[in-house]
Amino acid sequence: MASHPFEPYIPRLRRYALALLHNRARADDLVQDTLERALRKFSLFRRDTDLRAWLFTVMHNVYVNDVRASARRHTEIADTIEAAVTTADDATTLRDIMGALERLAPEQREVVLLVGLEQLSYEETARVLAVPRGTVMSRLARGRERLRALMSGEASPYMRRIK
């Protein structure tokens, strides 16, 4: 029996969903909603493009729609990664990293996770988030700097956006 072309990407989609939502059940729902929408809209997929990036774009759009529809804040920390931790020091470091990621602005967290964790290129990330490549690069730089500051214990206040 041949597998579906989406199948190899499901673990990556789930990992990204967990990192975004910090809740297994909601992450599973997001992956399911993503796959359902991707199946319905598969005729829109251009064969000469990257299926992985397209699936992440679908997931991002489903996620954004869910966030807009729901005002609830997600505060639960992902516990699936913690199952792989073997020492107390690793657990503490992981908890610190997860806490620091949670404190990033959502736009920075998305870019850090897509580039750093999912290893999407800047171009792929830009397509997924529907922003220019330069925006991806600046969000990534700011996100990494904020993570460094948070992990080193430096007090790093949020920057205000001036319009």
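The values are calculated or read from the model by the stated rules, or taken from the named source; none is laboratory data. Owing to the predicted nature of the structure, the values given are computational and were not obtained by experimental measurement. We place every Cβ from the backbone using ideal geometry, glycine too, and count neighbours over all the protein chains shown. Ligands, DNA and RNA are excluded from the accessible area calculation, which covers all protein heavy atoms including side chains. Shrake-Rupley method; radii C 1.70, N 1.55, O 1.52, S 1.80 Å.
Values as computed for the structure displayed
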{"item": "The stretch 123-137 residues that are at positive phi, paired with ones that are open to solvent by less than 80 Å² (accessible area, probe 1.4 Å) (beta carbon under 9 Å, 6 or more apart)", "result": "Ala130/Thr57; Ala130/His60; Ala130/Asn61"}
{"item": "Of all residues making up the stretch 1-50, the number that are part of a loop (DSSP other than H, G, I, E, B) and open to solvent by less than 60 Å² (accessible area, probe 1.4 Å)", "result": "6"}
